[in-house]
Amino acid sequence: MDNLTACNPLAHRVRVYYEGTDTIYQGMLVCYNHDTTTNWFGGSVANTGEVTASSTTAEGSQNVGKYVRVEKPSTSNKRFPAGVVCPGGWVGKAGPRAVDIYVPNGAIVPVYTDRSVTINDKAYLEPSAYTIPNDNVADGVCIGYFMETIDRSSTAGLALCKLQQPDLESIASATTLGVGLSPLLWGDAPLAETAMNPSAGINYFNDFMDEVDITDDDGWSLTQSNSTGTVHVEAVAAGGVLEIDSAGSAADDSINAQLENCAVKPAAGANIWFEARVKVEDATQQYFIGLAAVDTTLMASGALDDVSDKAGFFHAVASTDNKISSVTARTSADDATTDVASVVDDTWMTIGFRITGLTQIEFYVNGVLVETGSTAANIPNAGMCLSVFSGYESAGNIVSIDWVKIVTEGGRDA
């Protein structure tokens, strides 16, 4: 078998059995049928060594079907990508039939995509699709990097890709949405790498269970409009909760809180992930939660400030009741999208975003993608820190944060 047809002598082909009935295309992605008990050669080998004629085998005994039978990617098999189809006589024909595939071993091979891709774009396995996208949709996992710039958005076709097995960290652990990290948002984040290797990036998590001195000059910068607002850690049965309390009784009473030493800076070719589990006492009160440049008036007089870089979620005086909005801004150039999701009084939810270099930002609420901004002029490029604003409107004072997590690729000054 000619490895050079894959443009890379590292490429390795193996023969597998495609069980599906769809038309086969070169470069289409298939996954192992990881839970099959159907044998390939009709023989079952017991753990005691006996070989018997059988089309099935019990779990715990040898089952060649698990590493020969392949199928369409799905949410259940996404952890087991087998590879992409090689050129051959099977291309253009319907399955089931035997096919050769390039296994994901780090070689550069042609893959089947229906996107406009750019060199260094991440490549994803998309459940329920044979094509390989460059955007993390439908809870996909990162399986490599595109190695050429080509537009296949009109007609699906081939693009070179460095194909590799997904790291365990790129497959987000199962969570209950609204409680833990959202799989779609964190699917390709370098969680383990940045936790073990500080030079790889920043990995920040706070469950607010430690002793915290939330005052000016202790990392925090607090600005109050009525001199009564507070930020403190609230004791709960398990875990901890940070409360940002405007302590207001009149419209626009507020407190502006920024943890200035919890700082990150967007950069070309790097990504930033942010997510927090939050709730607001009243869904019509004023608030901002996210990252922002140092700014003592994130929402002065109930309107979102338009002079500082920021990325996050907010509710302003003019916002629709019981709705949350998103914003991305580079100084005065901003993109504020109203009503991206609903909010319920005093009810926990997760809100997060991913900043992709200096080109795109994706916003998630309870693990669902609700907004994407791709106007480069609106993507922040200045240093930003963890920022929260709580303001009184006609009811509600408190913004509560159960936990917050921030991860970056690179971006460390020292």
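Values in this text are rule-based calculations from the coordinates and carry no lab data. Remember, predicted model here, so these are calculated numbers, not experimental data. Cβ placement follows ideal geometry from the backbone for every residue including glycine, while neighbour counts extend to all protein chains displayed.
What to note about this one:
- Cβ-based net charge around Thr155, under 12 Å, with every Lys or Arg adding one and every Asp or Glu removing one: 0
- Percent RCO, i.e. relative contact order, over segment 3-166, from Cα pairs under 8 Å lying at least 6 residues apart: 26 percent
- Exposure proxy shown here: for Val307, Val179, the number of other Cβ atoms within 10 Å sets the order, fewest to most, as Val307, Val179.
- Local electrostatic count, Thr331, Cβ distance below 9 Å [Lys/Arg +1, Asp/Glu -1]: -2
- DSSP finds beta bridges in segment 17-105, and of those with both partners inside it, around 90 percent are antiparallel.
- Estimated dipole of segment 183-409 in Debye, rounded to 20 [Cβ of Lys and Arg +1, of Asp and Glu -1, Cα centre]: 700 debye
- Here the simple spin-label model places points 7 Å from the Cα toward Cβ, and for Ala192 and Tyr204 these points are separated by 2.5 nm.
- Comparing Trp220, Ala270, Leu386 along the charge dipole axis of segment 183-409, the residue lying farthest to the positive side is Ala270, per the Cβ-charge model.
- For a label point 7 Å along the Cα-to-beta-carbon line of His232, residues of segment 192-225 with backbone N under 20 Å: 207-225
- GNM result for the chain, Cα springs below 10 Å: residue of Val99, Val365, Val264 fluctuating most strongly: Val99
- For segment 43-147, GluC sites (Glu not before Pro) meeting the loop criterion (DSSP other than H, G, I, E, B) and having at most 13 other Cβ atoms within 10 Å: Glu50, Glu59.
- Pair His34, Trp348: separation of 7 Å Cα→Cβ label points (nm): 2.7 nm
- Least to most buried among Ser116, Ser387 (fewest other Cβ within 10 Å first): Ser116, Ser387
- Residues Met28, Met196 in ascending order of nearby Cβ atoms (within 10 Å, fewest first): Met196, Met28.
- Listed cross-link partners Lys78/Lys265; Lys72/Lys93; Lys122/Lys323; Lys162/Lys265; Lys93/Lys122; Lys279/Lys405 are compared with a 24 Å cut-off, the Cα-Cα value being larger for Lys78/Lys265; Lys122/Lys323; Lys162/Lys265; Lys93/Lys122.
- Mean separation of Cα contacts under 8 Å, 6 or more apart, over the residue count of the chain: relative contact order %: 15 percent
- Label-point separation in nm, Asn120 to Ser54, each point 7 Å along Cα→Cβ: 5.3 nm
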